[in-house]
Amino acid sequence: MVEVPLAVNSDFLLLQLVNGLTLGSVYALIALGYSMVYGILKLLNFAHGDVYMMGAFMGYGVLVAFGGPAAPTIPIVLLLTLMFLAAMLGSGLLGVTIERFAYRRLRNAPRIAPLITALGVSFFLQSTALLLFGPRFRSYATFEFLSGGVQVAGIRVAYTRILVIVSAFLLMLALTFLVNRTKLGKAMRAVSYDREAAAMMGIDVDRVIVATFFIGSILAGAAGVMFGLVFFSVFHLMGFTAGLKGFTAAVVGGIGHIPGAMLGGLLIGLAEAFSAGYVSSTFQDLIVFSILVAVMLFRPTGLLGKADIRKV
């Protein structure tokens, strides 16, 4: 039997860890949007994955507008900043528009009505992207303008992966601060606990719900650009699978619970990476969704969720 050197095994383990953290960071940002909206409205916004997809296309549009990946006409740092800003603001406005025209009148309707509406909005966004951009895959071709990396132990970690992981964690920390330390965050928590009581206390419930959709969609837009930077290709159906993984992450961590969404996203990303690396990429989705089933069977509230406390 041929023995594999320990260094090779440890390098491969570290490589899968980096891959898992990268994927997990993207899933966590998507999961946060699911969790925030569910915490406020008890609505499963299945259109959220397609907001993420539109954000990826917005970032690609900025990239093309400034010369494309082969010959950008502005400095790389400024280009990346503009890509993130355009995707985040555009996705935020899209989320607010969806709330205003698709969900607002259904707040007090039976839960099946907003759920079906969310699926309809998802198909609408997919079809819109197909009509606007066509079925062809668009490539960020990040290697042409953002190459290089850092040597960590025995592997080379690309700058794009470092950018994604660091940016995602900064956004998560910013969201945690906003929810726990700001007036808007306190209003979000109050509305999530009891919407009617919050309204009687003078909180503008409509404003809080709009802000929740805006913030959650901003995070989805950022995740879309991150995916494009690391995995290059964006296309009109990319939001479907990512949305399911983000929803899975939110449920595994405890839907409606912000730290739970972060933990769930990282766990799902790591599970997917290690499944592909040590088992087979054919079974990675099976393993990921098996984790969801197991959590639902043994801890229905999620890893960090609590049945008697509802959080944003």
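Every read-out reported here was derived from the displayed coordinates using simple, explicitly stated rules and does not represent laboratory data. Nothing here was measured: the structure is a model prediction, and the numbers come from that model. Here Cβ is always computed from backbone atoms with ideal geometry, including for glycine, and neighbour counts include all displayed protein chains.
Packing here is the average count of other Cβ atoms within 10 Å per residue, and on that basis the peptides 295-302, 89-96, highest first, run 89-96, 295-302. Each residue in 203, 40 was given a count of other beta-carbon atoms within 10 angstrom of its own, and listing them fewest first yields 203, 40. Calculate the length of the line joining the C-alpha centroid of region 208-250 to that of region 15-60, in whole Å. Region 208-250 and region 15-60 have Cα centres spaced 4 Å from each other. Modelled spin-label separation between residue 153 and residue 166, with each label point placed 7 Å from Cα along the Cα-to-Cβ direction: 2.1 nm.
Run through every distinct alpha carbon pair of region 87-226 and return the Kirkwood hydrodynamic radius in angstroms, one decimal place. Computed over Cα pairs of region 87-226, the Kirkwood hydrodynamic radius comes out at 18.0 Å. When the label point is put 7 Å from the Cα of residue 197 along its Cα-to-beta-carbon vector, which residues of region 12-42 have a backbone N closer than 18 Å? So the set is 39-42. Couplings 3J(HN,Hα) of region 270-277, computed from phi: 5, 4, 5, 5, 6, 5, 5, x Hz, in residue order, whole Hz [Karplus 6.51 cos²θ - 1.76 cosθ + 1.60, θ = phi - 60°; x for Gly and Pro].
Dividing the convex hull volume of the alpha carbon atoms of region 17-66 by its residue count gives 88 Å³ per residue. Shown for 99, 196, 144: other C-beta atoms within 10 Å of each C-beta, ranked fewest to most, produce the order 196, 144, 99.
In order along region 130-138, the Karplus-derived 3J(HN,Hα) couplings, from 6.51 cos²θ - 1.76 cosθ + 1.60 at θ = phi - 60°, round to 4, 5, 6, 10, x, x, 5, 5, 9 Hz, and Gly and Pro are given as x. Highest mobility in the GNM of the chain, judged by mean-square fluctuation with C-alpha springs under 10 Å and restricted to 80, 131, 229, is found for 131.
With θ taken as phi - 60° and the Karplus curve 6.51 cos²θ - 1.76 cosθ + 1.60 applied, the whole-hertz 3J(HN,Hα) list for region 34-43 is 4, 5, 5, 5, 5, x, 7, 10, 6, 10 Hz, x standing for glycine and proline. Averaging the Cα positions of each part gives two centres, and for region 254-289 and region 131-207 these lie 18 Å apart.
Here's how it looks for residue 149: its modeled amide H is under 5 Å from those of 159, which are all 5 or more places away or on a different chain. Checking (1) 19.9, 65; (2) 19.7, 73; (3) 21.7, 65 against Rg and Dmax of the Cα atoms in Å calculated from these atoms, the matching label is (2).
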